[in-house]
Amino acid sequence: MLSICLLMIFVQSGKMADSPNCDLKSLSPLQLFERVTEQGEKVRALKAGKAPKDEIDAAVRMLLSLKLSYKTTTGQDYQAGLPPKDLVLINNGTTQEEDEDLVNPWNVQTSNAKGVDYDKLIVRFGSSKIDTDLINRIERAIGQKPHHFLRRGIFFSHRDMDQVLDAYENKKPFYLYTGRGPSSQAMHVGHLIPFMFTKWLQEVFDVPLVIQLTDDEKYLWKDMTVEKAYEYARENAKDIIACGFDVNKTFIFSDLDYLGTSAGFYKNIVKVQKHVTFNQVKGIFGFTDSDCIGKISFPAIQAAPSFSSSFPQIFNGKENIQCLIPCAIDQDPYFRMTRDVAPRIGQPKPALLHSVFFPALQGAQTKMSASDPNSSIFLTDTPKQIKTKINKHAFSGGRDTIEEHRKYGGNCDVDVSFMYLTFFLEDDDRLEQLKQAYTSGELLTGELKKVLIETMQPLVAAHQERRKQVTDEIVKQFMTPRKLAFEF
């Protein structure tokens, strides 16, 4: 109590003309946490730059005011790198609010048939909604219609995308970073989502791309050998390459391979490790005292590709190049940690674009799983298997009888076939026609499933044909550290 009383006296005695412009009470706990973090960075920068004393004092008063608001709102003292406990979802599935969705890098669960409440998730995670203004700005910047993933809210949240656009409009470079945890030999169609979108981003912005294959993570978390994890990484690389990436602009790397060959990558890992405590990773990721030390240190490995100095062969040793990370929002805890550490090790914060989860065939309560063959349409499935899975397992928003369906219509919000079409049917007019027909009862569930089958069968078949053309030599080209077709 003494510290909070002293803090109140100091804040009240100071001239508060430099107080925040917005009402701090309107901020979520996580937004307050980020405000405190940013103000702390500002104070350190002013002190390091030997700014005038009155300027430093004003920044310190602002910092103390923000810390007081944080303490009042959360009941917790601010700790760098440790977000408020009531917002941290941990891997044993517990949260402070029993009815909240469970979203972390290992588990996604909700009791709502419509799926995760993404508006609430934005508030809890403290990110920003991708609104119409941002989509329009992207369209102006690239001079073409935005991807349907943006138009339909499949990528729905961001961190600092406006800063990336500022850089792009001012002819400053940035690069893309995404990844894949190779937990199985065959990928499913849900795994294509970030790669389809990343490929589009790379083409419209013409920037380098690095793709991390976290085979080390899968060895640490799954019951598999190091050799099997590495084998899965190379097999998954073939599926990723089959998405159509340009070998002259894309570097794919296995952690088990690259960490041993890149001093820049390892140096960044060590820097991150030094600035994150065991207590912090326990709070962020839910690690326990019985978890192996490999798990505890892994988040730094996923953080390191956010910094251009991890790839000196691509960026000519430059450390100040902005990174943009398209990923599903369950990966956000890794990058909240990264964004907290970045300024403390002299690196720019990575920006992020978050996607919704691709639902299981059985419903939107969980994301698809590579370990359950009936929850997913795999990229190795035959046309017959795709038809059988959709007809047998795809959760329906239709009524119990044809008569009821004709009278009351279907529910597109919970119908998995319609959800899948929002991802893979690119024709906006056709999608709207299907929605209207299904909602009115004109279109039956079986007919909607037929449209999905006719959409997915050629998509998967075309992917399989492209994958056949990906030889081991092509994989080696993509995975060899080298200069890409950009000058830095």
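Carbon-plus-sulfur fraction of the accessible area of the stretch 118-359, 1.4 Å probe, in percent?
Carbon and sulfur atoms account for 48 percent of the accessible area of the stretch 118-359.
With a cap of 15 neighbouring Cβ atoms within 10 Å, and only residues DSSP puts in a loop, list the trypsin sites (Lys or Arg not before Pro) found in the stretch 318-416. Before the final figure, lay out the partial values.
Details: sites: Lys318, Arg336, Arg339, Arg344, Lys367, Lys384, Lys387, Lys389, Lys392, Arg399, Arg406, Lys407; in loops: Lys318, Arg399.
Answer in residue order: Lys318.
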Task: In Hz, Karplus ³J(HN,Hα) per residue of the stretch 433-439 (6.51, -1.76, 1.60; θ = phi - 60°; x = Gly, Pro) - done: 4, 4, 4, 5, 5, 6, 5
- [ ] Taking amide H positions as placed in the peptide plane 1.01 Å from N, state which residues far from Gly410 in sequence (5 or more) or on other chains have amide H under 5 Å from it.
- [x] Thr439, Ser440, Gly441
Open item on the list: Quick check: from the Cα gyration tensor, does the stretch 118-359 come out rounded (a/c under 1.5), prolate or oblate?
Closed with: rounded
TODO: Might you report the magnitude of the Cβ-based charge dipole of the chain about its Cα centre, with Lys and Arg at +1 and Asp and Glu at -1, to the nearest 20 debye?
DONE: 1020
Open item on the list: Taking θ = phi - 60°, what integer Hz values does the Karplus form 6.51 cos²θ - 1.76 cosθ + 1.60 yield along the stretch 281-289, in sequence order, with x for Gly and Pro?
Closed with: 5, 4, x, 6, 10, x, 5, 10, 5
Open item on the list: Only bridges whose two residues both fall in the chain count here: according to DSSP, what percent of them are antiparallel, nearest 5?
Closed with: 40
- [ ] Using amide H atoms built 1.01 Å from N in the peptide plane, name the residues 5+ places from Leu176, or on other chains, whose amide H lies under 5 Å from its own.
- [x] Leu209, Val210, Leu324
Task: Interchain or long-range residues, amide H under 5 Å from Ala328's placed H - done: Ser355
Open item on the list: I need the chymotrypsin sites (Phe, Trp or Tyr not before Pro) found in the stretch 143-210, filtered to DSSP loop residues with at most 13 other beta carbons within 10 Å of theirs.
Closed with: none
Open item on the list: Whole-Hz ³J(HN,Hα) for each residue in the stretch 124-137, computed from phi via Karplus 6.51 cos²θ - 1.76 cosθ + 1.60 with θ = phi - 60°, x for glycine and proline: what do you get?
Closed with: 5, 8, x, 8, 10, 6, 7, 9, 4, 4, 5, 4, 5, 5
Open item on the list: What lysines does Lys349 reach when the alpha-carbon gap must be under 18 Å and sequence neighbours fewer than 8 apart in one chain are set aside?
Closed with: Lys42, Lys172, Lys267, Lys271, Lys274, Lys318
Task: Listed residues Ile314, Leu443, His463: farthest to the positive end of the dipole of the chain (Cβ charges) - done: Ile314
TODO: Specify which residue in the list Gly181, Ala48, Phe253 is farthest towards the positive end of the charge dipole of the chain, using unit charges on the beta carbon of Lys, Arg (+1) and Asp, Glu (-1), about the Cα centre.
DONE: Ala48
- [ ] Specify the longest stretch of the chain that does not include any exposed loop site, a site being one of the GluC sites (Glu not before Pro) with a non-H, G, I, E, B DSSP assignment and at most 12 other Cβ atoms within 10 Å.
- [x] 99-425
TODO: With only Lys, Arg, Asp and Glu charged, each at its Cβ (+1 for the first two, -1 for the last two), find how big the charge dipole of the stretch 29-74 is about the Cα centre; round to the nearest 20 debye.
DONE: 140
Task: Acute angle (nearest 10 degrees) that the helix 226-241 long axis makes with the longest principal axis of the chain, alpha-carbon atoms - done: 70
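The values are calculated or read from the model by the stated rules, or taken from the named source; none is laboratory data. Source: prediction; values computed, not measured. Cβ coordinates were reconstructed from backbone atoms using ideal geometry, including for glycine residues, and neighbour counts include every protein chain displayed. The accessibility values were calculated without ligands, DNA or RNA, using every heavy atom of the protein model including side chains. Shrake-Rupley method; radii C 1.70, N 1.55, O 1.52, S 1.80 Å.
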